[in-house]
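Here the structure comes first, spelled out in structure tokens, and everything after it is commentary.
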Amino acid sequence: MNSSVATEVVRALKLAVFRRDASGRLRLHPPVPDWLTALWPAAAAAGESAHGVSPFLDNFLIDAAVYWESGSGPGVGSGPWLETDGRGGEHHLQGRALTSGRHALLLVEELGPAFDERRGILQKAHEVALDYERLQRAEQALAEEKRLLEQRVQDRTAELSRANLDLKSEVATRQRYAEQLRALSLRLVEVQEAERQFLARELHDEIGQLLTGLKLSLEIFLRSAPATGAPSCLEVLEVLDELMQRVRQLSLDLRPHLLDDFGLVPALEWHFKRFFKQTGIRVHFRHAARQTPVSPQLTTAIFRVVQEALTNVARHARVPEATVRLWTAGDWLGAQIEDHGRGFDPEAALAAHASSGLFGMKERAELLGGQFTLDSAPGSGTRLTVEVPVAGTLSVPAALHTQEDSP
Amino acid sequence: MTPIQKKVCLVGAVSVGKTSLVNRYVHSLFSEKYLVTIGVKIDAKTLRVGDVGLRLLLWDLAGDDDFQRLNASYLRGSAGYVLVADGSRGHTLDAALDIQSRVASAVGPIPFVLALNKSDLRDQWDVDGRALAELAARGWLIRHTSAKLGTGVQEVFEDLARLLLAPASTPPGPP
Ligand SMILES: Nc1nc2c(ncn2[C@@H]2O[C@H](COP(=O)(O)OP(=O)(O)OP(=O)(O)O)[C@@H](O)[C@H]2O)c(=O)[nH]1
Ligand SMILES: Nc1ncnc2c1ncn2[C@@H]1O[C@H](COP(=O)(O)OP(=O)(O)OP(=O)(O)O)[C@@H](O)[C@H]1O
Ligand SMILES: [Mg+2]
Ligand SMILES: [Mg+2]
């Protein structure tokens, strides 16, 4: 190549060419590019050594020296680096150590448009990589969040199903308790009734018989010896009569034997008569001519309800009369006690929990699988209705927990 | 008195803030815009450690990745280095560990400080505290830095400067 053409090429490429002399110094070969003058004016002026002007170049020259000593291969490159000149101008440079014939050459070029393009691509590549990284992180964060959410849903579901199981067993337990309570209540009523029956019998049959015997003996004694101590004996007889009367009453209060011996209707009729005598309240009794025979348990329950309801009439209603109805409809036995007295607020009375009468009636009815209805309002009388299944005595399979809801 | 001059490299994964740390430390500048470093840029900063003047030649190297691998010949003659990781990108700490072992095998056990940069991005913090504790237990010097706010930056270079001036803790071995 013509040497002036070579010079033009070197100038156009903004190339600084150094040649190593025998002493190992690097001599700058003209033309001197502008960037070199701007960066290292002293070196440019001296036209020699590239040593000491740039730490980067100094470091590269160690690799270059190794290469030049070995004297083989296509040369070594420094890779790009950046220098800033005295006026703040930036110069991207790149060095290359070569051998050409016998000459050891160092070429340093200022990187031009081709490098800018490479830089742009690299910049873009990095930005894309970083964007991708960001995206991946966001995706991971989302996946993690999703996993956590799923875990939470799973935990919650497990918790709920556990709670559901707990609830089911709780319901079952309560149901069992309710059944036990019901059985116990029934048993209590039975025992109470049996006790009353026993006491009534004892009073009537044993004590009554003894008293009757005593009275007879006393009368015989009086007849045989009328003169002796007559006044006090007559007094004793009077007390004895009174005592017999009381025992009889007590026996009847406890349990009218009519109930056991003749059934519900005669027992009720007898009770109404006695009630009238005690309270002056007349009871109108409406009932079918023929009664279906029912269990003693049922008979007792109905009798007790009517008894209690009439006691309430006497105590609270302030009326001269009341009506009691007794009927059977299908398999149901019904009784109703009605008065046109003062009336009251049933809900308030039941909520007050202050009394046991209404509760007792309600409980008796429900224990037998029946219904208890109370119609009353202040000033408009009271109607109390009890309906129990005839078949339903001890075992009532109806769902127990609905008892609370039934009227 | 002319200060002692030491070469210090900044190494780490791409875009962790090596250039930003140097710019903050040397020029008190910071830019949000990311300009990828290609090759090498060298800056100098003189500081005092006690009554010793020290001139640090800061070699800001391109981030190590598939596009540009860490060039071992650039490390030659280093007295120490700043290993940089981005606290908001946890994997750059793993990369830093890998780079550290490569640097150590190229230049030997010279002093270094780990800068966990971008400490201002607290809400995106992504480094495993246990891994850090383990490194600290290994004797690593770790600094949280923010080139953006300037926090911890001067300290990183001062820490390293002290290490550079401290007498070598390892025996020099046979001549
Ligand atoms: N929020 C925040 N951003 C930072 C911080 N340091 C650097 N950056 C940003 O991070 C990006 C990369 O910063 P550089 O300093 O170029 O990172 P580098 O490690 O030199 O990158 P390469 O040289 O290409 O590997 C830029 O957008 C900076 O603005 C910092 O402390 N906080
Ligand atoms: N026929 C009625 N007429 C008016 N008020 C009534 C009648 N029956 C009940 N009550 C009202 O309902 C309340 C509750 O009656 P309940 O029979 O439960 O209790 P009690 O009669 O007051 O006491 P006990 O527990 O001794 O029966 C009564 O206090 C009364 O105010
Ligand atoms: Mg009552
Ligand atoms: Mg950089």
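The values are calculated or read from the model by the stated rules, or taken from the named source; none is laboratory data. All figures in this text were calculated on a predicted structure; none of them were measured in a lab. In this analysis, Cβ positions are derived from the backbone assuming ideal geometry, glycine residues included, and neighbour counts consider all displayed protein chains.
Applying the set (1) in the same structural domain as A:THR7 (by TED's automatic domain parsing); (2) outside any strand (DSSP E or B); (3) not hydroxyl-bearing (Ser, Thr, Tyr) to A:LYS124 leaves exactly one unmet item: (1). So, in segment A:297-329, of the ones that are in a strand (DSSP E or B) and not hydroxyl-bearing (Ser, Thr, Tyr), which residue ends up farthest from ligand 1 (Cβ to nearest atom)? The selected residue is A:GLU321. When the residues of segment B:63-88 are filtered to those that are more than 10 Å from ligand 1 (Cβ to nearest atom) and charged (D, E, K, R), the one that is surrounded by the most Cβ atoms within 10 Å (Cβ to Cβ) is B:ARG76.
When A:THR382, A:THR328 are screened for being modelled with pLDDT of 95 or more, under 22 Å from A:HIS284 (Cβ atoms) and of a type outside the set (Phe, Trp, Tyr), only A:THR382 passes.
Flag not set for B:ASP64, criterion: closer than 21 Å to A:ASP85 by Cβ, touching a strand residue (DSSP E or B) at 6+ places or on another chain (Cβ under 9 Å) and acidic (Asp, Glu). Within segment B:80-102, is there a residue that is at pLDDT 95 or above, under 13 Å from the mean Cα position of the chain (by Cα) and within 12 Å of chain A (Cβ to nearest Cβ)? Yes; the residues of segment B:80-102 include at least one that is at pLDDT 95 or above, under 13 Å from the mean Cα position of the chain (by Cα) and within 12 Å of chain A (Cβ to nearest Cβ).
Restricting segment B:148-166 to residues that are surrounded by fewer than 17 Cβ atoms within 10 Å (Cβ to Cβ) and small (Gly, Ala, Ser), the residue that is nearest to B:LEU10 (Cα to Cα) is B:GLY150. Taking each residue of segment B:59-78 that is at pLDDT 95 or above and looking for partners that are part of a loop (DSSP other than H, G, I, E, B) and away from ligand 1 (no atom under 12 Å from the Cβ) with beta-carbon atoms closer than 8 Å, six or more apart or interchain, yields B:TRP59/B:SER78; B:LEU61/B:ASN71; B:SER78/B:ILE110.
Only residues that are away from ligand 3 (no atom under 15 Å from the Cβ), surrounded by 18 or more Cβ atoms within 10 Å (Cβ to Cβ) and in a helix (DSSP H, G or I): list them for segment A:334-386, please. Those that are away from ligand 3 (no atom under 15 Å from the Cβ), surrounded by 18 or more Cβ atoms within 10 Å (Cβ to Cβ) and in a helix (DSSP H, G or I): A:ALA365, A:GLU366, A:LEU367. Among the helices (runs of 4 or more DSSP H) confined to segment A:1-93, the ones with at least 3 residues that are within 14 Å of chain B (Cβ to nearest Cβ) and touching a residue at least 12 places away in the same chain (Cβ under 8 Å) are located at A:55-70. Of all residues in segment B:33-54, those satisfying the criterion of being within 11 Å of another protein chain (Cβ to nearest Cβ) and within 15 Å of B:LYS6 (Cβ to Cβ) are B:ILE42, B:ASP43, B:ALA44.
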